[in-house]
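This report concerns only the one structure given below.
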Amino acid sequence: MKKHSAAGRQPITRLTPDPELGLTSEQAQHRMRAGWHNLTKEQLSKTEGQIIRDNIFTFFNFLFFALAFCLFMVKAYTDMLFLGIVIVNVLIGIVQELKVKRTLDKISLLSGQNAHVVRDGAVQTLPTDHLVLDDIVHFTAGSSICADAILCGGTVEVNEALLTGEADIIVKHPGDQLLSGSFIVSGNCSARLDRVGSDSYAASITHEAKRRKKHRSQMMRDLDRLLKFIGIGIIPLGLIMFFKQSALLNTGVPYAVSSTVAAMVGMIPEGLYLLVNIALAVSVINLARRRTLVHELSCIENLARVDTLCLDKTGTLTEGVMEVTGAIPLAGLTQEALERQLAAFLQASASENATAKALKSHFQQIAPPLSVKKEIPFSSERKWNALILSDGSACFLGAPERLLGKNYSRYTPQLKPILSSGKRALLLARGTAEDTESPENSCLTPLGFILLSDKLRDDVQETLAYFKEQGVTIKVISGDNAETVSEIARRAGVNGASAFIDASTFSDDADMAAAAENHSVFGRVTPEQKRRLICGLKENGHTVAMIGDGVNDVLALKDADCSIAMAAGSDAAQHVSQMVLLDSDFSVMPQIVREGRRVINNIERSAALFLVKNIFSFILSLILLFAAIPYPFLPIHITLISGLMIGIPSFALTFEPNYRQVHGHFLRNVLSSALPGGLVNAFNLLAVLIAGTLLGIPMDQISTICTLLVGVTGLLVLLRLCQPLNLPRAGLVAVMGVGFFGAAFLFGPLFSLSSLTLESWTVFGAFTALSPLLMAGLTALLQHLTLWPAKTKTLKASKSLSLRETDRP
């Protein structure tokens, strides 16, 4: 059968290779050349062309060049200097994004998804985009299905939640279809790729399911709204201002154009978006140096705001390498007989998870082969796996409480001291094929317990101590026995580790939000319960980070505010996570959290400098629409202010160490810092315009006074943002002050600044002295207004608590 495609592929003949032999190298190469490889057009990072295009062709860049053209037409060439800042911003943005792209491309190669494919009769490990149509691929528990395939051999359980949103486990048999974007929960299989690349199911639904669902962070959403508001309002406001100044005030077209352009440039936060993107880009590079791959920029902000960290025991608190420490025979078996039966079970089982590998490594003796009719693989939902034998009997291996049901209590005295020491126990039991439907309600014959231990990571106590100091609550959510998990958590230093709960006791309608709030350790948790616990914490108002590495973590990772996967874990966990720890090292988490806090705190602080200019420009422009006074600034004045009072200090502050926990709403925090400076500027400028007009001061001197006063206010805002002062911050304030006023006095004609008369200096001195008082008063007032709702809420809560205390008998 010929396979055709209109997407630039050459027609080929479909093949059905032997699952043991796979395609030959020549057949695979032919398919690769014909375009039938598993590569989609979609890329996770931009191309170089897209980066250049997206930085140059923006709405505000277009507006800047249109304004510059207007200035060119009226021969106001000096006023066009603001284009220099725009061009520098564009170049910095392009260079920084290209640098990030190269960094991410390099590190992505190290964490790229690979697959086990049969070629020329041998199993090879290849990147998934090197697979071709009709390849035979081996999938195991944790594997993400990289292309649509037909199952050839084996039986697996598949989770298609990333495609359908349904968390139900689907059993797949030979002949069934495996859809790209789903992942293997349990079992092993071989499958023939049936649709690859852009033909696959995930690609056909525009990758909405297969790819991580990307969210704009709160900060980026706020910036988008701010820029949208400015973009909508700036053009009509500019047109009205031009008409008013040229037609009503008769200032002349050149001055009307220059002052209107100055007002519009003042209202555009031209460097703010660049500042945010560069800060986040530098953060991505810093994280990459710490062997952390960032898939989504939004997770950096979310991580900075995290107040609850959820993690699994195995591979996070512990090293993830299981070790068999002993076996306890039951039912009259000898130690040797138990180990022989266990060895026979392990030889017949296809399970390859960490526990199975540890058991197979320890129990390597040769045992009589079992005649297996069917295997029920281990899954996180069941907590056991089983072999159904040809004679109708069945062997079980798994969690004792799940296999024994109500009979588990008979063995509690024997197991309690073992579990309390942090060890894990598995049960080997025998029953019938019918018992596999519900082993906990059957009467299985226990053959013996196998004891395992998992060593704590050397630096886990230090890592958890950091989170405790930072006020981040730790929740340990595991599929293991609750008492075992509790002991491991206690030794690791988790607060409230003794307040553990067995999730197997939860009912379907259990209040997961209350359980998540009131307990620190959860054992015997199913994947769906993990998801519900994460959602419960979010319902309680927490910002939740989840660290996981297994298939059982996927649903919870998908719903967490910030999801972090261990690279040593499953493909599926890495696939849905926003961040991947390439060395699977939990101890780097404090550095990652600090990096997130540093970048967000500094962006908030630097953004305030930009908004000061936007606030006073908007207020001044709006008021002057209804006053017979011309706008006092020219574009060259705004260039001086933007460069020395905003641009340089904002970039300097962006890279400072600042590791306090992020609180509150981004835009509200920024406005609370920027509003006092913006209002002081607006008051000063309007007062100077009125006073200067009444005193008969020439307009060029009024413009100079206004420019210098904005510089004074800019220094006050910068001084406030640099609190508490240290030597570098004090140096920054001093350098910016000397730079601004030095440029104003030494290069006054270049910036269209005039010499002042004694009367003008008096006006400038009076408002300079008034500015710190206005700034202090407005800052105190805004802080009071900001804190008042919180104080009211606290007062109400206190009264409510007092009433409840009074009502008690």
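No lab work stands behind these numbers, since they all come straight from the coordinates. Please read these numbers as outputs of a predicted model, since none were measured by experiment. Using ideal geometry, Cβ is built from the backbone for each residue, glycine included, and neighbour counts are taken over all protein chains shown.
What is the fewest-to-most order of 462, 528 by other Cβ atoms lying within 10 Å of their Cβ? Write down the numbers at each step before the final one.
Values: 462 12, 528 18.
Fewest-to-most ranking of 462, 528: 462, 528.
Near the amide H of residue 432, within less than 5 Å, lie the amide hydrogens of 394, all on another chain or at least 5 residues away, with H placed in the peptide plane.
Shape call for the range 326-454 from the C-alpha gyration tensor, a ≥ b ≥ c root eigenvalues: rounded (a/c under 1.5), prolate (a/b greater than b/c) or oblate? Display every interim value, and only then the final one.
Values: a/c = 1.42, a/b = 1.15, b/c = 1.24.
Taking the square roots of the gyration eigenvalues as a ≥ b ≥ c, the range 326-454 is rounded.
Ranking 505, 779, 463 by Cβ neighbours within 10 Å, fewest first, what do you get? Each step should come with its number before you reach the end.
Numbers: 505 9, 779 18, 463 21.
By the 10 Å Cβ count, ascending: 505, 779, 463.
Only helices enter this figure: runs of n ≥ 4 DSSP H residues, each worth -39500 (n - 2.57), summed and divided by the residues of the chain, yield -16000 deg cm²/dmol at 222 nm to the nearest 500.
List the relative contact order of the range 326-454 as a percent without decimals, with contacts defined as Cα pairs under 8 Å and 6+ residues apart. With pairs under 8 Å counted, the relative contact order is 26 percent. Charge tally for residue 290 (other residues, Cβ to Cβ under 14 Å; Lys, Arg +1; Asp, Glu -1): +1. Each principal axis of the Cα atoms in the range 434-585 has its own extent, and those three values, largest first, are 50, 35, 33 angstrom.
What's the local net charge at residue 413, with K and R +1, D and E -1, over the other residues with C-beta under 15 Å away?
Numbers: positive: 410, 416; negative: 401, 483.
That sum, taken over residues with Cβ under 15 Å, equals 0.
When only Cα pairs below 8 angstrom with a gap of at least 6 residues are kept, the range 655-736 shows a relative contact order of 28 percent. Relative to the longest principal axis of the Cα atoms of the chain, helix 218-243 runs at roughly 30 degrees.
Does the range 536-608 come out rounded, prolate or oblate, given a ≥ b ≥ c as the square roots of the eigenvalues of its C-alpha gyration tensor, rounded meaning a/c under 1.5 and, failing that, prolate meaning a/b above b/c? It comes out oblate by the Cα gyration axes.
Look at 85, 268 and count the other Cβ atoms within 10 Å of each Cβ; fewest to most, that gives 85, 268. Taken as Cα centroids, the range 651-689 and the range 525-563 sit 35 Å apart, rounded to the nearest whole angstrom.
If you take the Cα centroid of the range 733-752 and the Cα centroid of the range 421-490, the two points sit 67 Å apart. Only one item in [x] 196; [y] 170; [z] 155 matches volume of the Cα convex hull per residue in Å³ derived from the coordinates shown, and that item is [x].
Let me check I've understood the local charge: for residue 184, count other residues with C-beta under 10 angstrom from its C-beta, Lys and Arg +1, Asp and Glu -1. What total comes out? Summing Lys/Arg as +1 and Asp/Glu as -1 gives -1.
If you take the square roots of the eigenvalues of the alpha-carbon gyration tensor of the range 688-758 and sort them as a ≥ b ≥ c, do you get rounded (a/c under 1.5), prolate (a/b over b/c) or oblate? Don't skip to the end; give the middle numbers.
Numbers: a/c = 4.13, a/b = 1.93, b/c = 2.14.
Here the range 688-758 falls in the oblate category.
Less than 5 angstrom separates the built amide H of residue 318 from those of 457, all sequence-distant by 5 or more or on a different chain.
Express in nm, to one decimal, how much length is gained between residue 727 and residue 769 on full extension, taking 0.36 nm for each residue of separation and deducting their alpha carbon distance. All intermediate terms of the calculation are to be shown ahead of the outcome.
Working: separation 42, 0.36 × 42 = 15.12 nm, distance 2.54 nm.
Roughly 12.6 nm would be gained on extension.
Projecting label points 7 angstrom from Cα along Cα→Cβ for residue 78 and residue 407 puts them 9.7 nm apart. Cross-linked pairs 406/530; 374/406; 75/99: Cα-Cα separations exceed 29 Å for 75/99. Each listed q (0.17, 0.20 Å⁻¹) maps to a log10 I(q)/I(0) for the range 509-638, found by the Debye formula over equal Cα scatterers with no solvent: -0.94, -1.16. Once you reduce the range 333-384 and the range 67-106 to the center of their Cα atoms, the two points are 65 Å from each other.
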